[in-house]
Each structure stands twice: as structure tokens, then as C-alpha cells.
Amino acid sequence: MTSTVFFSWDQADARRIRRQFLDRPAEPADSAPSTVAAAMLGAHAQILSAAELSLALRIVGATRADVRAALWQERSLIKTFGPRGTVHLLPAADLALWTGALSALPAGPGGQPGDVRMTAEQTDEVVAAIGDALTGAELTVDELTDAIVERTGPWAGERVMEAFQDKWPRWRQATATAAHRGVLCFGENRGRKVTYTNPGVQPSAGPTALAELVERYLYAYGPATPRHFATWLAAPAGWAGALFASLSGAGRIEEVDLEGESAWVVAGDTEVPAEPVRGVRLLPYFDAFAIASQPRARLFPGRAYERALARGQAGNFPVLLVDGEVAGVWHQRRSGKRVAVTVEPLAPLAAPRLRELEEQAARVGEVLEGVAELTVGPVSVGAHA
């Protein structure tokens, strides 16, 4: 270790909290949902209502309607496949960067059996068919299947993929690949049916995009290690180490000390808030801060590691943050305008913290365009319920 710049965990945590708009929500005049999504490096949207909460909670007075307007009317947000191949809301202005970086990641071994898996040539053919079929159109899965088969042949539509006690057509294994190559994203639902469309984006050059993504990741979640970055992207650790080494050699990132361990920040970005994190926050399922912040054992200290993680995986429980660390779990259930919010702290909360919690629960109700009713007690539902 040659660096003389030292970070404590509290300093690293405070930086991330501030840059995630979790200490002070952004003013509407300064930040749209897309701006906040850019700062977070995307809002996980497998559960769209959770993404709406993630973004709106970080903007003063915002509601889920503001996020929906940004997504479906203004189109400043794009619903697509982001980090780890999972559905995210990403800023439309950053889509060239994201597609350039994600399409340049090392190819994995493939999760399909040999008789189901498509070849590289077949994947290219399907992606080209998807891009052509979705240009200027919003198609359901069934409509897109017909369009792909028409352009490629029956093999692409064979229902051979095991999925949710059903079988999907072969082409669907290329869905995330098509998104990462910039020819597929989600359209607005047609009733209960998902639709896809072509965002019409040209991915940035892979090396350039990856370098910028590392810098954005380190600005949002640094100090961090190559392994942290690899975990966030579900990419090989060795590949991430080589990427960090090349960027360090180019002077774009610098090595620092995070409580005795080597970590990296953007070159020159060593500023830390003057005060440690204070306050209570409620974060929904799969909030970006809970997923991307490392070391995980520091963000989820003590009992939180067992109670608020699912086999070490973050995001499966909505979490209570107290002074920047996970200190409990929570759950919300809506019935009409009533939003029942149950919070299970892992240690008793003093009266001032309980008042903050009441304010946070009320804010959740406001974002969901309802009225929150807070209960402090055990959360009986399981992970991702």
C-alpha cells in the first residue's frame, strides 16, 4: 500500500449516502427522476413499484406519478435490462454508455443446456431480427415471437427454455443481449401484457464506456475494490482487476486505504462529508444503495447480516437505515388509499428516532399516493414477499 489517503468506513458511508440523495432529498427544481437514477447508477425495477419508491423518496415531494411520467411520457427514463441482467430504470441520456459497457462485458458460460443454447451466429441473427421487428413498434412477447420466426425460421420460436413451470421460445435467451446491444427495451404494458420496443440507441465504444462506468461507480459507491465492481455487474473478478489496473495506470483512478484494505476512487476524488451520517431512512426492495455498497458486512452489521439479507444477497428485504447502516427490515401492504407500513427495528429506537420513522413512513405513503399507517413490530413475511 503506497497511498497516503485513508478512509474510515464512516467516511465512505457518508460519501455514498450524500451522493445517493439519502441525507437530503434533492429539490425538484434541481433533480428529475432521471438525474437521481443517474446518480444511483440505475433503479432496480424487477418490482416496478420498488423502483418508483427508490427514485421518488430521493426527491422532495415527488410521487410515483412523477416517476411514471418520466418513464412513459417524457421518456427520460428507460426500462431495460441493466447490471446483472436484471430489469432497471436507466436515464435515457445514459443509454449509449450503458449499452456500450454492458455489451462489452465478458460473455458468461451460458445457463442453457447444449440442445437449447443458441450459437453466437444464431444470437446475432435473433438480435438483428428483434431490432428490425421493434423499430417503430411496441410488441408483446407473442407478437415479437411471430416476428422473429418470420425473419429467422421456426428454430427461434421452439418452446424449449424451462421457465416458471412453462417453456419459453428459444429466442428469449437473447433478450438481455438485445437490450445490451441497444435494440430492445420495455414499452408500456398493454393491459397485463409486457411489451418491448427498440430505443434506437447506438452503443458507445466498449472500452470507453467501461472506463466511464468504472468512474461513475467509484464516484457513487467508492472507495471500492475490483471485486466489489465485479459483484455489482456479475462479472469475473479477474477481469475487473485487470480493468482497474489499466485505469489506475492511465491515472484515471487512484488507490486509497479503506480501513487497512486497498480500494479505489476516481483520481482526485477524496472529499468526505464533515459530519457522519445521522437519521432514519426506509429503503424499498433492491434499492441500489443497499445492493452496491460494500463491504456488505459493514453496511449490514451484527444481526442485520442475518435478518436483512437472504443467503448474503442484498435487496430481498426492504431495509431500515439508522445513521447510514441497516438496522431493521420493513414491509408495506396497500389496501385502497391505506398503506400499512410495518417496521421491525433490530434494536429499540429512542423517541426522536421513532418520530423520524413516523415521518419516513408518512413519506412512503405520500410517494404511493396513499396514507401510511405505521406499526413498529415484527415483520412476518419472508424475503421478496
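Looking for something buried (at least 18 other Cβ atoms within 10 Å of the Cβ), in contact with a helix residue (DSSP H, G or I) (Cβ under 9 Å, 6 or more places away or on another chain) and part of a loop (DSSP other than H, G, I, E, B) - is there at least one such residue anywhere in the range 327-335?
Checked against the condition, which is being buried (at least 18 other Cβ atoms within 10 Å of the Cβ), in contact with a helix residue (DSSP H, G or I) (Cβ under 9 Å, 6 or more places away or on another chain) and part of a loop (DSSP other than H, G, I, E, B), the range 327-335 yields no hits at all.
Do the conditions hold for ALA230, that is, is it without any contact (Cβ under 8 Å) to a residue 12 or more places away in the chain, outside any loop (DSSP other than H, G, I, E, B) and either touching a Ser or Thr at 6+ places or on another chain (Cβ under 6 Å) or closer than 30 Å to LEU48 by Cα (or both)?
For ALA230, the condition - without any contact (Cβ under 8 Å) to a residue 12 or more places away in the chain, outside any loop (DSSP other than H, G, I, E, B) and either touching a Ser or Thr at 6+ places or on another chain (Cβ under 6 Å) or closer than 30 Å to LEU48 by Cα (or both) - is met.
When ALA361 is evaluated against the numbered criteria (1) among the small types (Gly, Ala, Ser); (2) without any contact (Cβ under 8 Å) to a residue 40 or more places away in the chain; (3) buried (at least 16 other Cβ atoms within 10 Å of the Cβ), which criterion, by number, is the only one it fails?
Tallying (1) among the small types (Gly, Ala, Ser); (2) without any contact (Cβ under 8 Å) to a residue 40 or more places away in the chain; (3) buried (at least 16 other Cβ atoms within 10 Å of the Cβ), ALA361 fails exactly one: (2).
With the checklist (1) in contact with a strand residue (DSSP E or B) (Cβ under 7 Å, 6 or more places away or on another chain); (2) at pLDDT 95 or above; (3) within 22 Å of ALA220 (Cβ to Cβ) in hand, flag the one item ASN316 doesn't pass.
(2)
So that you can scan it fast, the table gives a plain yes or no per residue for (1) assigned by TED's automatic domain parsing to the domain that holds GLY238; (2) modelled with pLDDT of 95 or more:
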{"position": "ILE47", "(1), (2)": "yes, no"}
{"position": "ASP66", "(1), (2)": "yes, yes"}
{"position": "ALA69", "(1), (2)": "yes, yes"}
{"position": "GLU74", "(1), (2)": "yes, yes"}
{"position": "PHE81", "(1), (2)": "yes, yes"}
{"position": "HIS88", "(1), (2)": "yes, yes"}
{"position": "ILE130", "(1), (2)": "no, yes"}
{"position": "THR140", "(1), (2)": "no, yes"}
{"position": "GLU143", "(1), (2)": "no, yes"}
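Hey, can you tell me all the residues within the range 25-74 that are part of a helix (DSSP H, G or I), surrounded by fewer than 17 Cβ atoms within 10 Å (Cβ to Cβ) and among the hydrophobic types (A, V, I, L, M, F, W, C)?
Residues satisfying the conditions are ALA65, ALA69, TRP72.
Pairs needed: first member in the range 101-123, acidic (Asp, Glu); second member anywhere, modelled with pLDDT of 80 or more; C-beta distance under 9 Å; at least 6 residues apart or different chains.
These pairs meet every condition: ASP115/VAL160.
Yes/no per residue for (1) without any contact (Cβ under 8 Å) to a residue 24 or more places away in the chain; (2) farther than 16 Å from ALA224 by Cα; (3) in the same structural domain as GLU74 (by TED's automatic domain parsing):
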| position | (1), (2), (3) |
| --- | --- |
| VAL5 | no, no, yes |
| ARG15 | no, no, yes |
| ASP23 | no, yes, yes |
| ALA26 | no, yes, yes |
| ALA29 | yes, yes, yes |
| ALA51 | no, yes, yes |
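If you take the residues of the range 277-294 that are hydrophobic (A, V, I, L, M, F, W, C), within 15 Å of the chain's Cα centre (by Cα) and not in a strand (DSSP E or B), which of them is surrounded by the fewest Cβ atoms within 10 Å (Cβ to Cβ)? Walk me through it before giving the result.
Residues of the range 277-294 that are hydrophobic (A, V, I, L, M, F, W, C), as a first pass: 277, 280, 282-283, 286, 288-292.
The next check asks that each one be within 15 Å of the chain's Cα centre (by Cα); those that pass are 283, 286, 288-292.
Cutting the leftovers down to not in a strand (DSSP E or B) gives us 286, 288-292.
Details: PHE286: 25, ALA288: 25, PHE289: 25, ALA290: 25, ILE291: 22, ALA292: 25.
Out of the qualifying residues, it is ILE291.
Have a look at ALA242, ALA205, ALA176, ALA235 and point out the one that is of a type in the set (A, V, I, L, M) and either free of Cβ contacts under 8 Å to residues at least 40 places away in the same chain or buried (at least 21 other Cβ atoms within 10 Å of the Cβ) (or both). Give the derivation first.
Numbers: ALA205 fails: either free of Cβ contacts under 8 Å to residues at least 40 places away in the same chain or buried (at least 21 other Cβ atoms within 10 Å of the Cβ) (or both); ALA176 fails: either free of Cβ contacts under 8 Å to residues at least 40 places away in the same chain or buried (at least 21 other Cβ atoms within 10 Å of the Cβ) (or both); ALA235 fails: either free of Cβ contacts under 8 Å to residues at least 40 places away in the same chain or buried (at least 21 other Cβ atoms within 10 Å of the Cβ) (or both).
Criteria check complete, one pass: ALA242.
Of the residues THR342, THR270, which is β-branched (Val, Ile, Thr), touching a Ser or Thr at 6+ places or on another chain (Cβ under 6 Å) and either part of a loop (DSSP other than H, G, I, E, B) or not assigned by TED's automatic domain parsing to the domain that holds ALA50 (or both)?
Working: THR270 fails: touching a Ser or Thr at 6+ places or on another chain (Cβ under 6 Å).
On inspection, the qualifying residue turns out to be THR342.
Going through the range 148-193 one residue at a time, which ones are of a type in the set (Asp, Glu) and closer than 30 Å to GLN73 by Cα? Give the steps one after another, and end with the answer.
We begin by selecting, within the range 148-193, every residue of a type in the set (Asp, Glu); these are 150, 158, 162, 166, 188.
Selection gives GLU188 alone.
Is the range 295-313 home to any residue that is assigned to a loop (DSSP other than H, G, I, E, B) and crowded, with 23+ Cβ neighbours inside 10 Å?
Kept after step one, since they are assigned to a loop (DSSP other than H, G, I, E, B), are these residues of the range 295-313: 295, 300-302, 308-309, 311-312.
Among the residues that remain, those that are also crowded, with 23+ Cβ neighbours inside 10 Å are: 308.
Checking the range 295-313: at least one residue is assigned to a loop (DSSP other than H, G, I, E, B) and crowded, with 23+ Cβ neighbours inside 10 Å.
Does the range 317-330 contain any residue that is touching a residue at least 40 places away in the same chain (Cβ under 8 Å) and either among the small types (Gly, Ala, Ser) or in contact with a Ser or Thr (Cβ under 7 Å, 6 or more places away or on another chain) (or both)?
The answer is yes, given that some residue of the range 317-330 is touching a residue at least 40 places away in the same chain (Cβ under 8 Å) and either among the small types (Gly, Ala, Ser) or in contact with a Ser or Thr (Cβ under 7 Å, 6 or more places away or on another chain) (or both).
Spot the failing condition for ALA69; the list is (1) in contact with a Phe, Trp or Tyr (Cβ under 6 Å, 6 or more places away or on another chain); (2) more than 18 Å from LEU184 (Cα to Cα), and only one is missed.
That leaves (1) as the condition not met.
The values are calculated or read from the model by the stated rules, or taken from the named source; none is laboratory data. Computed from a predicted structure; not experimentally measured. Cβ sites come from the backbone with ideal geometry, for glycine too, and all protein chains shown count toward neighbours.
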